[in-house]
């Protein structure tokens, strides 16, 4: 396991501890060929928004998440507790709570 993967796991664990939740699950396995998520960096634990790091919100932990029957994200197939593929329309912006990358926050700055 590389340094970045260990760092990402620790960032997720810290965020969950602060929210009173259990430790983060292990990093996701690559999706099968032809499925969403192939080659996407799901292990990126935070986004830089307006010059500050913000810990990403895993699938199922979003404030607007209400359908507890879903087992995988309909946009990127992330399982509960996993991070979305960057750019997935279902991911919540950790800064404003809107849809990540579609909310008007300044990502990458």
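Can you pull out every residue in the stretch 61-86 that is more than 10 Å from the chain's Cα centre (by Cα) and at pLDDT below 85?
63, 64, 65, 66, 67, 68, 69, 70, 71
Suppose we keep only residues that are at pLDDT below 70 and over 14 Å from residue 57 (Cα atoms) within the stretch 3-19. Which one would you say is surrounded by the fewest Cβ atoms within 10 Å (Cβ to Cβ)?
That would be 3.
Please count how many residues of the stretch 29-60 are under 11 Å from the mean Cα position of the chain (by Cα) and at pLDDT below 75.
Counting residues in the stretch 29-60 that are under 11 Å from the mean Cα position of the chain (by Cα) and at pLDDT below 75 gives 3.
The values are calculated or read from the model by the stated rules, or taken from the named source; none is laboratory data. Just so you know, these numbers come straight off a predicted model, no measurement behind them. Note that we place each Cβ from the backbone using ideal geometry, even for glycine, and neighbour counts take in every protein chain shown.
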